[in-house]
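Q: Before I ask anything, here is the structure I am working with.
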Amino acid sequence: MYAGSAVVAIKSGGPKETVLDGITGILVDMMPGESCEKLAGAIGELLVDPIKAIGMGKRGHEYVKEKFGLGPFRQEWKRLVEEEGIVRGQRRKEVSGGGISVIYRIGIFLMVLIAWWYYSASQS
């Protein structure tokens, strides 16, 4: 979505949480082992209506920047440091879940930062 392309994805897991169905892309209800006809139909829908696909792509790009861009990640990082008590590799207070959520959030932050850098470098 950051690249400005409409997304067609199966409605489960990550796409279900990030793609806004009908706004930034199309989510398809499919069960494991089911034919890919629904998925192909959604792709075909965007191929025959490029204006719709372009609009979804633009909205997806803006949505990703707003929700997952550097600004929100800076705020989340600051919150982690202040509220979760991460200071110089130590925690001032115990984090629920044994710190897994903190490690997960830091990993996501780093992955998005790398993706943003890669995308920015490819645009220049």
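Q: Which residue is modelled with the lowest pLDDT, if the candidates are limited to segment 70-124 and must be assigned to a loop (DSSP other than H, G, I, E, B) and open to solvent by less than 100 Å² (accessible area, probe 1.4 Å)?
A: So the residue we want is V95.
Q: Here's another thing I want to ask about it. For residues in segment 11-38 being open to solvent by 60 Å² or more (accessible area, probe 1.4 Å) and in a helix (DSSP H, G or I), which is farthest from V112 (Cα to Cα)?
A: Going through the qualifying residues, I end up with E37.
Q: Then there is this: Mind checking which pairs have a first residue in segment 9-22 that is free of Cβ contacts under 8 Å to residues at least 24 places away in the same chain and a second that is acidic (D, E), Cβ under 8 Å, 6 or more apart or different chains?
A: Cβ pairs passing all conditions: K11/D21; K11/D29.
Q: Scan segment 39-69 for residues that are more than 22 Å from K16 (Cβ to Cβ) and surrounded by 14 or more Cβ atoms within 10 Å (Cβ to Cβ) and report the count.
A: Result for segment 39-69: 1.
The values are calculated or read from the model by the stated rules, or taken from the named source; none is laboratory data. What you see is a predicted model, and the numbers here were worked out from it, not measured in a lab. Cβ atoms come from the backbone with ideal geometry, glycine included; neighbour counts cover every protein chain shown. Accessible surface areas use protein heavy atoms only, side chains included; no ligands, DNA or RNA. Shrake-Rupley method; radii C 1.70, N 1.55, O 1.52, S 1.80 Å.
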